[in-house]
Amino acid sequence: MPPRRVAITGLGIICPLGLNLAETWDALRAGRPGIGPIQSVDCSSLRFRNGAEVRSYDPAAHFPEGRDAYMDRFAQFSVVAAREAMRHSGIELTPALRERAAIICGSAVGGQSAIEKGFEDLYVAGRGRVHPLTIPKTMSNAGASHISMDLGLSGPTYTVSTACSSANHAIGQAFRLVRWGEADMAITGGSEALFTIGMLKAWEAMRVISPDTCRPFSKDRRGMILGEGGAMIVLEPWEAAQARGAAIYGEICGFGMTSDASHLTQPTVAGPARAMSAALREAGLAAEAIGYINAHGTGTSGNDPIETSAIREVFGAHANRLAVSSTKSLHGHALGAAGALEAVATVLALYHGILPPTANYTQPDPECDLDYIPNQPRAARVEAALSNSFAFGGLNAVVAFRAAPR
Amino acid sequence: MFQDRISPTGVGSMSDPVAEKVLATLASVKRLPVENIKLDTNLQEMGIDSLDVFSLLFELENAFKISIPDDEVRSIKTVNDIVNGIKKLLAAAPPDASVGSPSSAD
């Protein structure tokens with residue numbers, strides 16, 4: 001069976017920029033960051049105060065009759081995003097399609113608040129017992145499982161956990177399941193909810209969190225800003241989408257994944273470069289076809305110069321004509337959901353012809369010398385784009401997108 | 001216990017408890033003989049990467065009851081940079097009782 005073209009026909013998102021797709025796009029296209037003082041956790045004992053939280057989210061509005069109590073926040077985000085993506089796609093589910101629908105999700109830390117509550121009960125409160133839902137709320141696959149139950153989809157369903165590359169790895173797997181005929185549709189993306197004191201303390205100890213804001217590629221960058229949220233996209237074979245007259249928002253045309261095999265936290269140039277090249281190769285795209293890269297762009301001293309060098313290595317002279325931005329400067333770094341939030345940002349950018357900026361950019365850095373779309377969004381029709389995710393552990397995952405024909 | 005193993009070549013003849021503690025902690029973190037580490041040792045050259053430095057600083061925060069700001073960490077190149085940074089922090093503020101736990105502060 002020859003490979004099938006894979007259309008993106010639905011998008012759903014809940015993130016620090018908005019509780020749905022429309023709100024999120026409004027903020028992305030305006031370059032309006034969702035970063036501010038962390039409200040859900042007392043940060044008085046931390047060296048940083050700011051994060052990108054999902055605000056004004058009401059679990060009971062989405063999960064009535066106490067159903068939210070059975071789901072950690074990260075799993076709720078996955079279902080909220082998946083429901084919106086399915087509505088957006090307009091797919092009518094038949095019994096046969098339900099069995100051929102894949103759900104591939106990414107999450108780095110899973111139900112962090114559930115396990116932390118259990119440990120607090122045990123070690124701090126001395127209760128000697130933890131809540132019976134601790135295990136099913138904590139398990140990293142809870143997001144994928146709840147989508148499956150909520151929407152009644154019963155095909156291949158699993159969660160990928162590769163730290164900050166989780167969602168891109170998930171999207172790449174889903175893309176290939178649809179591309180090679182293993183599934184006739186897929187819901188894929190990622191979700192994360194990491195605002196717990198234990199998690200924030202652990203990130204503080206890593207010394208990669210900015211005390212003010214996230215300034216990717218800017219000389220005065222001081223680290224990343226943690227974020228949370230969920231984003232899902234619906235994938236279908238191109239012909240099936242066309243046959244049902246679906247609106248097609250874009251296409252996934254390639255995926256590349258590599259490992260640095262080098263260091264637990266320090267990235268290499270070669271690993272990310274090989275992942276970008278592999279994505280281009282599978283997509284059958286010349287480097288010159290890429291007009292935009294949604295960068296990993298964490299705003300750390302470790303990532304940004306290395307990613308810049310990797311882009312230069314892959315694109316050569318064309319690197320000077322590429323537009324690159326890190327939307328983490330807007331929605332923060334949602335770890336295992338990052339690639340999903342950024343996939344939605346990238347697809348919307350291609351679809352609307354507006355490239356979201358790198359916010360909070362103040363000073364050029366000689367080590368980061370590409371066009372980062374500083375601060376102001378840019379109107380530009382782009383044929384194809386890459387979305388980069390590079391994880392601790394040296395695991396790189398790059399997704400290639402093509403704009404839908406207009 | 002570390003003090004017994006401090007080499008004179010490491011800290012010189014003058015007694016410097018901060019330097020001794022830093023060298024001993026680094027030796028412990030990297031499982032190296034303390035004799036092999038000197039104050040002007042370049043951390044990168046001896047294969048000490050950012051994760052080693054963060055682990056070292058974590059132990060030193062416990063040992064000295066201080067909190068080391070992230071911005072101070074970026075300029076660290078040698079063992080002496082760490083020693084001087086800690087002395088500066090100790091001079092600037094009294095030990096922070098909230099840092100460190102009974103189990104990890106030795």
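Brief remarks follow.
- Residues in the range B:73-85 that are touching a Lys or Arg at 6+ places or on another chain (Cβ under 8 Å) and within 14 Å of another protein chain (Cβ to nearest Cβ): B:73 only.
- Flag if residue A:27 is within 12 Å of residue A:331 (Cα to Cα), among the small types (Gly, Ala, Ser) and in contact (Cβ under 8 Å) with a residue 24 or more places away in the chain: yes
- Residue pairs meeting the criteria (Cβ under 8 Å; at least 6 apart or on separate chains; first in a loop (DSSP other than H, G, I, E, B), in the range A:144-158; second of a type in the set (D, E, K, R)): A:152/A:98; A:153/A:98; A:154/A:98; A:154/A:99; A:155/A:98; A:155/A:99; A:155/A:100; A:156/A:182
- Where helices (runs of 4 or more DSSP H) fall wholly inside chain B, the ranges with 1 or more residues that are at pLDDT 90 or above are B:17-30, B:50-64, B:79-92.
- Exclusive hit being under 16 Å from residue A:195 (Cα atoms) and out of contact with any Cys (no Cβ under 6 Å at 6 or more places or on another chain), set A:31, A:51: A:51
- Filter result for residue A:252 (within 23 Å of residue A:344 (Cβ to Cβ), modelled with pLDDT of 95 or more and within 14 Å of chain B (Cβ to nearest Cβ)): no
- In the set (1) in a strand (DSSP E or B); (2) closer than 20 Å to residue A:213 by Cβ, residue A:9 fails one condition alone, (2).
- Check on residue A:340, among the hydrophobic types (A, V, I, L, M, F, W, C), within 19 Å of residue A:214 (Cβ to Cβ) and in a helix (DSSP H, G or I): yes
- Output for the range A:161-213, where each listed residue is surrounded by 24 or more Cβ atoms within 10 Å (Cβ to Cβ), farther than 17 Å from residue A:392 by Cα and within 14 Å of chain B (Cβ to nearest Cβ): none
- In the range A:215-243, of all residues being touching an Asp or Glu at 6+ places or on another chain (Cβ under 8 Å) and over 30 Å from residue A:362 (Cα atoms), the one that is farthest from the other protein chains (Cβ to nearest Cβ) corresponds to A:240.
- Checking A:345, A:289, A:310 one by one, the residue that is touching a residue at least 24 places away in the same chain (Cβ under 8 Å), outside the structural domain of residue A:167 (by TED's automatic domain parsing) and out of contact with any helix residue (DSSP H, G or I) (no Cβ under 7 Å at 6 or more places or on another chain) is A:289 and no other.
- Condition met for residue A:91 (in the same structural domain as residue A:208 (by TED's automatic domain parsing) and part of a loop (DSSP other than H, G, I, E, B)): yes
Results for (1) away from chain A (no Cβ under 14 Å); (2) surrounded by fewer than 17 Cβ atoms within 10 Å (Cβ to Cβ); (3) in contact with a helix residue (DSSP H, G or I) (Cβ under 7 Å, 6 or more places away or on another chain), shown as yes or no for each residue.
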residue: B:15; (1), (2), (3): yes, yes, no
residue: B:19; (1), (2), (3): yes, no, yes
residue: B:24; (1), (2), (3): yes, no, yes
residue: B:34; (1), (2), (3): yes, no, yes
residue: B:42; (1), (2), (3): yes, yes, no
residue: B:49; (1), (2), (3): no, yes, no
residue: B:52; (1), (2), (3): no, yes, yes
residue: B:71; (1), (2), (3): no, yes, no
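- Every condition in (1) touching a residue at least 60 places away in the same chain (Cβ under 8 Å); (2) more than 14 Å from every other protein chain (Cβ to nearest Cβ) holds for residue A:320 except the one numbered (1).
- Counting only residues that are over 19 Å from residue A:7 (Cβ atoms) and either at pLDDT below 95 or not in a helix (DSSP H, G or I) (or both), the range A:94-111 holds 7 of them.
- Qualifying positions in the range A:15-55 - aliphatic (A, V, I, L, M), farther than 24 Å from residue A:325 by Cα and more than 14 Å from chain B (Cβ to nearest Cβ): A:38, A:41
- Selection status of residue A:117, surrounded by fewer than 24 Cβ atoms within 10 Å (Cβ to Cβ), without any contact (Cβ under 8 Å) to a residue 60 or more places away in the chain and either more than 28 Å from residue B:57 (Cα to Cα) or not assigned by TED's automatic domain parsing to the domain that holds residue A:296 (or both): yes
The values are calculated or read from the model by the stated rules, or taken from the named source; none is laboratory data. Everything numeric here is computed off the predicted structure, so don't read it as measured data. Every residue, glycine among them, receives a Cβ derived from its backbone with ideal geometry; neighbour counts consider all protein chains shown.
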